[in-house]
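A.B. asks: Questions regarding the structure given below will be posed in turn.
The values are calculated or read from the model by the stated rules, or taken from the named source; none is laboratory data. What you see is a predicted model, and the numbers here were worked out from it, not measured in a lab. Using ideal geometry, Cβ is built from the backbone for each residue, glycine included, and neighbour counts are taken over all protein chains shown. The area values use the complete protein model at the heavy-atom level, side chains included, leaving out ligands, DNA and RNA. Shrake-Rupley method; radii C 1.70, N 1.55, O 1.52, S 1.80 Å.
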Amino acid sequence: MSNATLAPLYSQHLDTLQQRAAEALRRGGFEHLLIPSGTLHYQVFDDRDYPYAVNPQFKAWLPLTQAPGSWLIITPGQRPKLIFLQPHDYWHVVPAMPTGYWVEHFDIEVIRSADDAQRLLPPAFRCAILGEPQSALGGYVPNNPEPVIQYLEYHRGYKTAYEVEMMRQANRIGARAHRAAERAFRAGSSEFGIHLTYCQAAGQDANDLPYGNIIALNEHGAVLHYTHRDRLPPKPVRSFLIDAGASFGGYASDITRTYSTHDDEFAAMIRAVDTAQLALCDKVRAGTDYARIHLDAHLLLSGVLKEFGVLKVSPEEALERGVSSAFFPHGIGHGIGLQVHDVAGFAAGDAGGTVAKPDGHPYLRLTRTLAPGMAVTIEPGIYFIDMLLDELKQKGLADTVDWDRVEAFKPFGGIRIEDDVVCTEAAPLNLTREAFAE
């Protein structure tokens with residue numbers, strides 16, 4: 001992605017952030033927004049740092065993700081200021097001076113010691129300071145005032161054109177790496193081997209990826225957050241579920257695909273879930289209650305289970321009696337952007353309040369009504385999980401299921417298909433399908 005393409009989008013993005021910051025500060029009664037980038041800190045009882053993770057409030061303003069000890073000063077009506085820590089150090093690689101399409105919009109002051117930032121910051125009592133406790137510097141202690149946080153996080157749900165482009169790039173990297181992972185699976189690689197292939201194709205390792213890769217063969221696909229990664233492949237290899245994303249300029253992609261080794265009945269079920277998933281993606285439209293998409297997913301997936309002989313009851317009855325939740329126990333998705341599970345998923349408005357989850361669906365991560373600019377994942381799944389299936393029997397619902405069919409599918413683990421989708425004024429923009437098509 002060229003600077004010439006991103007520059008005008010970034011300029012508009014920055015204007016939007018300035019407007020949001022001014023209103024957030026007005027609501028909180030502050031004059032300045034101070035945002036530390038985050039710091040390195042030691043692991044307990046050790047002399048090694050935890051992996052550094054940039055403050056999301058910091059990277060919302062600029063694509064600088066490896067600059068610990070730096071600060072942003074946002075003052076309405078003034079150019080934003082970056083205090084950039086570039087220490088004298090021969091033990092570690094020193095962050096390079098910032099370059100690119102965004103630097104012309106900032107006053108940049110270089111410091112050599114983290115403590116030097118104090119002399120450049122405005123008086124602390126006038127500042128909303130957004131960050132983790134470890135970022136405290138002298139009297140500059142993150143106060144994270146609720147009116148400011150609530151306003152900024154709520155409006156972060158509406159992506160600018162620049163942010164959509166950054167997520168598009170993250171999806172392109174992710175799709176390329178997914179293709180490589182599928183080839184490794186087809187070639188007989190282990191979970192660990194597939195993981196390494198993915199990282200190499202993405203050009204990102206564990207500290208760069210937006211979340212830990214889920215690489216699951218066979219029954220491991222029934223573990224929702226499976227990250228163990230066996231070093232040897234099972235015999236035989238029946239199925240492959242991969243949930244893995246990529247990062248670009250601080251933005252995330254979150255992509256899941258499922259494959260069968262053979263063109264068998266499980267492969268047919270994957271195709272049926274894929275059809276249902278595309279129908280759900282098409283529901284990402286302005287004015288749609290996201291929780292309604294979640295309930296619609298239960299109906300569609302129950303239809304798939306009935307078609308393949310697993311369920312003996314109608315989709316409506318499966319949803320009403322809680323049977324579908326044994327096979328689809330998580331939410332249909334979540335907001336995505338600077339964070340994989342983006343913030344303010346339950347916010348009723350920019351001044352606080354929450355929108356409740358539907359009864360019986362505790363793991364849904366987003367309950368807002370969709371509007372143009374909102375970016376979400378759509379990730380329906382069908383799984384064969386012993387614990388949840390046993391609970392069905394304990395609840396007296398055993399007669400709703402054909403257990404012979406369950407046993408036939410259980411060795412394959414499960415199916416999940418996930419895309420990143422942006423709500424627009426018209427048809428949804430599916431960044432993931434677009435990336436795979438390229």
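A.B. asks: If packing is taken as the mean number of other Cβ atoms within 10 Å per residue, what is the order of 335-345, 183-193, 91-101, highest first?
C.D. replies: Most protected by this proxy first, the peptides run 335-345, 183-193, 91-101.
A.B. asks: Compute the semi-axes of the equivalent ellipsoid of region 204-244, taking the square root of 5 times each eigenvalue of the Cα gyration tensor, and list them largest first in whole Å.
C.D. replies: The equivalent ellipsoid of region 204-244 has semi-axes of 20, 11, 8 Å.
A.B. asks: With every protein chain present, what accessible area does Glu407 have (1.4 Å probe, heavy atoms only), rounded to the nearest 10 Å²?
C.D. replies: 100 Å²
A.B. asks: Any idea of the accessible area per residue across region 97-187, 1.4 Å probe, to the nearest Å²?
C.D. replies: Computed with neighbouring chains in place, this is 44 Å² per residue.
A.B. asks: What are the ³J(HN,Hα) couplings of region 39-50, residue after residue, when phi is run through the Karplus curve with 6.51, -1.76, 1.60 and θ = phi - 60°? Round to Hz, x for glycine and proline.
C.D. replies: Each residue of region 39-50 in turn: 10, 7, 9, 5, 5, 4, 6, 8, 10, 10, 6, 5 Hz.
A.B. asks: Follow-up question, since we're still on this one. What does the extension gain come out to for Tyr363 and Asp274, with contour length at 0.36 nm per residue minus their alpha carbon separation?
C.D. replies: Extending this stretch completely gives an extra 29.9 nm.
A.B. asks: To continue, here is another question. Checking a compactness column here: for the chain, what do you get for Rg(Cα) / (2.2 N^0.38 Å), N being the number of residues?
C.D. replies: 1.06
A.B. asks: Check which residues have an amide H placed less than 5 Å from His334's amide H, if you skip close sequence neighbours.
C.D. replies: Thr377
A.B. asks: Using alpha carbons only, how many degrees (0 to 90, rounded to 10) separate the axis of helix 161-186 from the longest principal axis of the chain?
C.D. replies: 40 degrees
A.B. asks: Apply the Karplus curve 6.51 cos²θ - 1.76 cosθ + 1.60, θ = phi - 60°, to the phi angles in region 20-29 and return the couplings in whole Hz, x for Gly and Pro.
C.D. replies: Once rounded to whole Hz, the list reads 5, 4, 4, 5, 4, 5, 4, 5, x, x.
A.B. asks: Also, I was wondering about something else. Around Asn430, which amide H atoms from residues at least 5 apart in sequence, or from another chain, sit under 5 Å from its own amide H, with H modelled in the peptide plane?
C.D. replies: HN-HN under 5 Å from Asn430: Val422.
A.B. asks: Could you look at region 221-369 and say what percent of its accessible area is carbon and sulfur, using a 1.4 Å probe and all protein chains?
C.D. replies: 54 percent
A.B. asks: How much area per residue is accessible in region 274-433 when the probe is 1.4 Å and only protein heavy atoms are counted (Å²)?
C.D. replies: That works out to 38 Å² per residue.
A.B. asks: Can you give the angle from 0 to 90° between the axis of helix 265-281 and the longest principal axis of the chain, with both taken from C-alpha atoms, to the nearest 10?
C.D. replies: 50 degrees
A.B. asks: Something else: Quick one: the Cα spread of region 121-161 along its three principal axes, in angstroms, biggest first?
C.D. replies: Projected onto its principal axes, the Cα set of region 121-161 covers 37, 20, 20 Å.
A.B. asks: While we're here: Would you mind checking the tilt of helix 146-155 against the longest principal axis of the Cα atoms of the chain, expressed as 0 to 90 degrees and rounded to 10?
C.D. replies: Rounded to the nearest ten degrees, it is 60.
A.B. asks: If I take every Cα pair under 8 Å that is 6 or more residues apart in region 75-148, average their sequence separation and divide by the length, what percent do I get for the relative contact order?
C.D. replies: 26 percent
A.B. asks: Over 23 Å between C-alpha atoms is what I'm after, so list which of Lys235/Lys395; Lys312/Lys395; Lys59/Lys81; Lys306/Lys410 land there.
C.D. replies: In this structure, Lys235/Lys395 exceed 23 Å between Cα atoms.
A.B. asks: A further question on this structure: For the ranges 416-429, 218-231, 110-123, what's the packing order if you count other beta-carbon atoms within 10 Å of each residue, average per peptide, and put the highest first?
C.D. replies: Packing proxy ranking, top to bottom: 416-429, 218-231, 110-123.
A.B. asks: Which ³J(HN,Hα) values, rounded to whole Hz and listed in residue order, are derived for region 204-216 from phi using the Karplus coefficients 6.51, -1.76 and 1.60 in 6.51 cos²θ - 1.76 cosθ + 1.60 with θ = phi - 60°, glycine and proline given as x?
C.D. replies: For region 204-216, the Karplus curve yields 9, 10, 4, 7, 9, 5, x, 7, x, 4, 9, 10, 10 Hz.
A.B. asks: For region 378-438, what is one quarter of the convex hull surface built on the Cα atoms, given in nm²?
C.D. replies: Orientation-averaged projected area of the Cα hull: 6.6 nm².
A.B. asks: Could you pull out every residue, at least 5 positions away or on a different chain, whose amide H is within less than 5 Å of the one on Ile255? Hs are placed 1.01 Å off N in the peptide plane, and Pro or chain starts have none.
C.D. replies: So Ile255 has HN proximity to Ala244, Gly245.
A.B. asks: Rank these by accessible area, largest first, 1.4 Å probe: Tyr42, Tyr290, Tyr158.
C.D. replies: Tyr42, Tyr158, Tyr290
A.B. asks: Distance between the C-alpha centers of region 374-389 and region 182-227? Whole Å please.
C.D. replies: First find each Cα centre; the distance between them is then 18 Å.
A.B. asks: Using 0.36 nm per residue, how much length does the chain from Asp386 to Glu425 gain when fully extended, once their Cα-Cα distance is taken away?
C.D. replies: 9.8 nm
A.B. asks: Given that compact globular proteins tend to follow 2.2 N^0.38 Å, what is the ratio of the alpha-carbon Rg of region 158-312 to that value?
C.D. replies: That works out to 1.13 for region 158-312.
A.B. asks: How much of the accessible area of region 95-217, probe 1.4 Å, is carbon plus sulfur, in whole percent?
C.D. replies: 49 percent
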